[in-house]
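Contents: one structure, followed by commentary.
What follows is calculated from the coordinates using simple rules that are stated; it is not laboratory data. Bear in mind that the values here come from a model prediction, so they are computed numbers and not experimental data. Cβ placement follows ideal geometry from the backbone for every residue including glycine, while neighbour counts extend to all protein chains displayed.
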Amino acid sequence: MTNNPLLADPRPWCIGRLVMDRPARSGISYERYEYWGDKIDIAKDVSLGTFQHGVDVRESELRANKRILSIPLTDEMMKKGGNGLHKSDVPWLEQAVSPTPNSRLLIFKDLGRVDYSFTAEGYVLAGSTMLTMKSRVGGSEVQKFTQLTTDVHKNITYRDDWTVPTERGFCIPGALIGGPSRNSELAEQTIVLQSDRPSAFVIKMRDAVDVDQQSSLLKTLPDLRRQLRGQGSVRILREGKRQVAGMEAEEVLFSIREGGSQLYRFYLLAPGNPDSVAQPHTEIQLMLGDALTDADKDDGVKPEEVSSLVDEAGAIQAWDALLNSMRLRPGAM
């Protein structure tokens, strides 16, 4: 596409319900996903035997552990050093179901008071990708939660990381959570564009809410500039409104000079649409270059070794290309 090293060999990359052109040799240094309130942990290259053994062991633990109940303290108990806690014969495990042959939902309570909510742990094996999905469940919501989670588990399928599906659903590495959209979805990734230089493209998306419509990146400009002054001499390259993935957004682009180090810090905020997960609240940053730390100086690191790999034109080109490539994935909804 260009000679810009930050944009080399772009390939379609699915994140949440969006898709973008991500450089093939870039890496992921941080990621976080939530779906319908579940925090999702992902493990790759998991065999069926390993999955079944791990889940069976966890279920056995929850059956073996007994709940500690709180009971009213009497004067006699206090004289004997009692603390009002009593180990019961009731196991932690409240319910275990298998929505599919390769999934298990464990609902348990490890605290004895009746007003404590339950913890839900869902385990799903999609191909060789294992998802662990955790959330809290109110005591009166267990049956409804189980029914909805069963539907979610049935719609989780395997996908290769670089394969962009055409079916509706929410993309996470190694899997697609299909079926109808939910009112709560979160995806965050930090993409390292070049491993040998500070070059991070940070994406944070979550379901939009009404109060987000009052947010403005441009109104925080003085605070942003003040924060960045600690890194060097700050200059604004561009500020204003733009679009990303069909959404209205605001951006501000900073250049920072610190001695012989050149840094770029670019920011974007799109409030999103509370009525559709196709338009999530979106925050994006491009961070190129770093200032030398005292430790760097002690180690003899030179400013050019931590400076931005590209100049101002190259940084802006990379920013525009990455943002312009972001779009709603066809079929996602």
Find the all-direction average of the projected area of the Cα convex hull for region 140-268, expressing the result in square nanometres with one decimal place. 11.9 nm²
Range of Cα positions in region 95-191 per principal axis (Å), largest first: 46, 31, 22
Helix 142-154 against the longest principal axis of the chain: what's the angle in degrees, Cα atoms only, rounded to the nearest 10? 50 degrees
Which residue, chosen from Gly127, Ala245, Leu218, occupies the Cα position most advanced towards the positive end of the dipole of the chain, where the dipole is computed from +1 (Lys, Arg) and -1 (Asp, Glu) charges on Cβ about the Cα centre? Gly127
Dipole of region 190-333, Cα-centred, from +1 at each Lys and Arg C-beta and -1 at each Asp and Glu C-beta, to the nearest 20 debye? 340 debye
Å³ per residue enclosed by the Cα convex hull of region 238-333: 117 Å³
Here region 317-325 yields Karplus 3J(HN,Hα) values (6.51, -1.76, 1.60; θ = phi - 60°; whole Hz; Gly and Pro given as x) of 4, 5, 4, 5, 5, 5, 5, 5, 7
Might you report the magnitude of the Cβ-based charge dipole of region 82-216 about its Cα centre, with Lys and Arg at +1 and Asp and Glu at -1, to the nearest 20 debye? 180 debye
Take the residue pairs Lys66/Lys144; Lys66/Lys109; Lys66/Lys134 and return only those whose Cα atoms are more than 19 Å apart. Lys66/Lys144; Lys66/Lys134
Taking R0 as 30 Å, what's the FRET efficiency between Ala295 and Arg225 from their Cβ-Cβ distance, rounded to 0.05? 0.70
Among Arg22, Arg206, Arg197, residue whose mean-square fluctuation peaks in a GNM of the chain (springs only between Cα atoms under 10 Å): Arg197
Using helices alone, I'd like the mean residue ellipticity at 222 nm for the chain: each DSSP H run of four-plus residues gives -39500 (n - 2.57), total over residue count, nearest 500. -5500 deg cm²/dmol
For the chain, build the charge dipole from Cβ charges (+1 Lys, Arg; -1 Asp, Glu) around the Cα centre, then report which of Leu186, Gln143, Ala24 sits farthest towards its positive end. Gln143
Can you list residues from other chains, or at least 5 along the same chain, whose modelled amide H is less than 5 Å from the amide H of Thr282? Ala270, Gly272
Given H placed on each backbone N at 1.01 Å, which residues far from Phe170 in sequence or on other chains put an amide H within less than 5 Å of it? Ile177, Gly178
Between Ser233 and Lys134, what FRET efficiency follows from the Cβ-Cβ distance if R0 is 51 Å, with the result rounded to 0.05? 0.65
Ranked list, fewest to most other Cβ atoms within 10 Å of each Cβ, for His53, His281, His153: His53, His281, His153
Volume per residue of the C-alpha convex hull in the chain, rounded to whole Å³: 207 Å³
If R₀ is 45 angstrom, what is the calculated FRET efficiency for the pair Ala8 and Val57, using the beta carbon separation as r and rounding to 0.05? 0.50
Computed over region 256-304, the convex hull of the Cα set has an average projected area, in nm², of 4.7 nm²
For region 263-273, take each phi angle, set θ = phi - 60°, evaluate the Karplus expression 6.51 cos²θ - 1.76 cosθ + 1.60, and give the result in whole Hz per residue in order, putting x for glycine and proline. 10, 10, 10, 10, 10, 9, 9, 10, x, x, 10
